[in-house]
Amino acid sequence: MFKPNLAKYFWNELNAEHHRNSRGTRCLVPGTLKPLIVCPECNKCSECPYGKKPEDRQPRVIDYEVPEDLMNNNEDFSTMNQAESEMIYDELIATMRRKDPLIAEVFIRYHTYDCDAPEIAAELGIDKRKVYYLKEQGEQIRDRLMNR
């Protein structure tokens with residue numbers, strides 16, 4: 001069954017999107033009430049009354065896509081980010097080990113292997129309260145290292 005209101009709604013949405021896209025490609029030109037306005041659609045770009053050539057027009061739409069030359073090197077960025085993350089993690093663990101090796105052990109088991117406090121306490125043979133204390137110490141070291 002054909003629903004005229006639904007068809008009218010979709011038609012209006014298509015027109016509005018086309019209008020937005022069309023207005024987004026128009027240059028800003030001097031206005032009478034405002035300093036700059038969007039060039040009226042009655043002006044043709046090929047016959048610009050403001051002396052701009054069509055190839056020199058300045059669209060107002062910002063393109064947020066990644067430039068093509070960066071897309072081709074995407075694996076380089078991910079490799080760099082992964083290597084940088086590993087270096088930061090290694091430095092973090094080394095700093096914890098210098099203060100107390102148990103801090104590093106608790107931090108690794110808690111954050112890397114997703115163990116809970118009773119498991120870590122049983123594995124390391126320490127009190128559960130000490131696990132919480134060491135975990136807090138490790139997180140303080142992490143916060144200090146990440147905020148320097």
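The values are calculated or read from the model by the stated rules, or taken from the named source; none is laboratory data. Just so it is clear, the model here is predicted, and its values are computed rather than measured. Ideal geometry is used to build each Cβ from the backbone, glycine not excepted, and the neighbour counts take in all protein chains shown. Only protein heavy atoms, including side chains, enter the accessible area calculation; ligands, DNA and RNA are left aside. Shrake-Rupley method; radii C 1.70, N 1.55, O 1.52, S 1.80 Å.
Counting only Cβ charges, +1 for Lys and Arg and -1 for Asp and Glu, the dipole size of region 6-56 around its Cα centre is about 140 debye. By the rule of a C-alpha distance below 24 Å, with chain neighbours fewer than 8 residues away ignored, the lysines paired with residue 53 are 34, 44. Solvent-accessible area of residue 143, all protein chains in place: 70 Å² (probe radius 1.4 Å, heavy atoms, ligands and nucleic acids excluded).
Just order 11-18, 133-140, 103-110 by mean Cβ neighbour count inside 10 Å, highest at the front, would you? Before the final figure, lay out each step's value.
Values: 11-18: 10.0, 133-140: 17.0, 103-110: 21.0.
Ranking the peptides 11-18, 133-140, 103-110 by packing returns 103-110, 133-140, 11-18.
With label points built 7 Å along Cα→Cβ from the Cα atoms of residue 23 and residue 140, find their separation and express it in nm. In this crude spin-label approximation the distance works out to 5.7 nm. Residues 112, 25 ordered from highest to lowest accessible area at a 1.4 Å probe: 112, 25.
Within the shell defined by Cβ-Cβ distances under 9 Å, the residues around residue 106 carry a net charge of +2, with Lys and Arg each +1 and Asp and Glu each -1. Highest mean first, the peptides 88-94, 28-34 sorted by other C-beta atoms within 10 Å per residue fall in the order 88-94, 28-34.
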